[in-house]
Structure formats: C-alpha cells, structure tokens
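Working notes, structure below.
The values are calculated or read from the model by the stated rules, or taken from the named source; none is laboratory data. It should be emphasised that the depicted structure is a prediction, and the values quoted were computed from it without experimental measurement. Cβ placement follows ideal geometry from the backbone for every residue including glycine, while neighbour counts extend to all protein chains displayed.
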Amino acid sequence: MVDKHIDVDRYKIKQNETVNLHNIPTFCDIAIEKNEVKQELFPAVIHEMKSWQEKLYAEKKYGLTFVLQAMDAAGKDSTINHVFSELNPSGLFVKSFKEPTSLESSHDYLWRIHKALPARGEIVIFNRSQYEEVIVTRVHQLLEKESFPTSLITNHIWEERYEQIMHWEKYLAQNGFPMIKIFLHVSKKEQEKRLIDRISRPEKNWKLAFSDISERKYWNKYQEYYEELLSKTSTSYAPWYIVPADDKWYTRYVVACIVVKELRKLNPSFPTLDSHVEEQLKQLKTLLEQGQIYKVMED
C-alpha cells in the first residue's frame, strides 16, 4: 500500500546534486486525498513501522538514527510525536540538541552528538543535530566567540566540517549505525502563520521563543547555507530527504514512509534459536500444558 501511493525517493537528494530550495515545493505536491492519508494510509504505515521496529529491537544488529533539521516552526516536534509515538519506547529515544552547555563546548562539536547515538536494536531521533555546527554557528559567526583556536578558522572551515561530518557518518554506516537525514522544508509564509498562531493561542505560548521571531531576519542566510550543506552532504550511506512541511498531515506521512523504507532496507528479522533450545522450549510447553508447573520450577 505504501509504495502504491508514494515514492519517497522523489524527496531524496542524490550525491553531488545541487539543491535550490526556492524550486522545491513546501506543500503536498502529489495527487492524494488528505482524508485518505489520515484515516487509511498513515495508520497503515505506522502499523508496518511497529512491526519492523520489533524485529530491529529483537535482532540487535543495527542502530538507526533519524535526523530532523528545519527552520523554526517547521514542525519537528509534532512530526516526532505523530510518527514515532506508537513505537516501543524501550527501543526508541529522542534527543533534542539545544545550545551547547559549557561542558559540551569544551569538547569537539561531535562529542555530544556521538554520545547520543543508538545502541544496536535501537532507533534514535535527533531534533536538530551535528548540522547546527555548520548552520547556526555559521549564520551567527559563533566560532569567533567560542574557545576555538583562531588559527583554525580559515576560509575552508565549513568545507572541512562537511568533510569531517561525512567521514563520521560513513564510519557509523560501516559499523551498522546508518543515519538518515530529513530536512522539513517550510515556506516563510507558513512559518509566519505558525508563529502568529503561537502568539495568539495561550496554550501555545510556551512554544514561542523570542529568538524564533528575531531569526526571521536571517531567513535568506539560513536558506543559502542549508542549500550548500544539503548539496554537499547527501551521500549514499547518509542521504538527505527534503520533505514538504507546509501541510503537516502530508509531512508526517512522508516521514513515516521514509522510516519504513529505511527499515525495509535493513530487513531485520527475529533471531532463530538453535535446535537444543527449541527442544527445551517444547518440553517446557508440554509441562505447562499438563499443569506440571512444579517440574518446571524444579528444573
């Protein structure tokens, strides 16, 4: 059912592809009914996702990370909530990366990211990620304000960071910890609408930070730097998907389809028991069915 209605590869950035966000839709760009998605397709995808997660957790061979990056108010939190809330919490973790603490700032920029990676069998969702260090840090020229050696701040610093991140992501993939990166692509107009909504509705006031408003004046810079990193850091082993974010119902559906696609690719399965253990289980089952629980306890 999933493949019949949507091919998520339409949103996948090929390696070395030049990205122009202005030419990429921020809204649902296929012929599909909202009600059909919400009532039939999305629940079906979530059901399949739960099945794959159970196998991933039982097999404990791969650890999977999904990165969500976006402009403010693009819907990262609500996407995480709607897409992943029905998964087994024992094997699911969400990590939000805020402004680095003094401890985190005293280490290299990947230190805090690496600490949050999944164990085998787990899924981790990053709400923001290592890419903050080539976006926010760059927009606001934060390197000059940090305890970073000034001699290392060259004209090539951002290219060097792209290279460092890609090498790190390749290392992770080669060790069974693939990272899938999703950029929620929201329009400036829709962002404005959502920020006004957060101001107007008391129950949403807590979501609003004054920086969300002030950051809008840097919109063009953010778009420019996002285009650059999306163009230069999408690889076969750690691809970027640019997902339309103006229509939340569609965003959630696409993200869920991406998750299922990547889980299918790993194709986890339940572990098989050796013949000796299987025979023991059969004997235990027989004893239990015969009501001879005391023999099970004695054994």
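Among Asn23, Asn35, which is the only one that is under 25 Å from Glu132 (Cα atoms) and more than 20 Å from the chain's Cα centre (by Cα)?
Criteria check complete, one pass: Asn23.
From Asp9, Asp77, Asp29, which residue is under 16 Å from Ile180 (Cβ atoms) and surrounded by fewer than 20 Cβ atoms within 10 Å (Cβ to Cβ)?
Asp9
With respect to His82, is the statement that it is more than 28 Å from Lys170 (Cα to Cα), within 14 Å of the chain's Cα centre (by Cα) and assigned to a helix (DSSP H, G or I) true?
yes
For region 13-41, enumerate the residues that are in contact (Cβ under 8 Å) with a residue 40 or more places away in the chain and closer than 16 Å to Tyr250 by Cα.
Ile24, Pro25, Thr26, Phe27, Cys28, Asp29, Ile32, Lys34, Val37, Lys38, Leu41
State whether one or more residues within region 112-120 are hydrophobic (A, V, I, L, M, F, W, C), touching a residue at least 24 places away in the same chain (Cβ under 8 Å) and more than 21 Å from Leu230 (Cα to Cα).
For region 112-120, residues hydrophobic (A, V, I, L, M, F, W, C), touching a residue at least 24 places away in the same chain (Cβ under 8 Å) and more than 21 Å from Leu230 (Cα to Cα): present.
So Lys261 fits all but one of (1) farther than 19 Å from Glu169 by Cβ; (2) touching a residue at least 12 places away in the same chain (Cβ under 8 Å); what number is the exception?
(1)
Within region 170-199, can you find the residues that are under 18 Å from Asn23 (Cα atoms) and of a type in the set (Ser, Thr, Tyr)?
Across region 170-199, the qualifying residue is only Ser187.
Show me the helices (runs of 4 or more DSSP H) entirely contained within region 99-202 in which 2 or more residues are buried (at least 17 other Cβ atoms within 10 Å of the Cβ) and modelled with pLDDT of 95 or more.
The qualifying helices (runs of 4 or more DSSP H) are 111-115, 136-139, 157-174, 188-200.
Name the residues in region 226-283 that are closer than 30 Å to Val136 by Cα and part of a loop (DSSP other than H, G, I, E, B), would you?
Matches in region 226-283: Ser234, Thr235, Ser236, Tyr237, Ala238, Pro239, Ala245, Asp246, Asp247.
Out of all the residues in region 73-115, which are among the charged types (D, E, K, R) and farther than 30 Å from Lys193 by Cβ?
Glu104, Asp108, Arg112, Lys115
Just give me the residues in region 245-263 being buried (at least 21 other Cβ atoms within 10 Å of the Cβ) and within 11 Å of Phe27 (Cβ to Cβ), in sequence order.
Ala245, Asp246, Tyr250, Thr251
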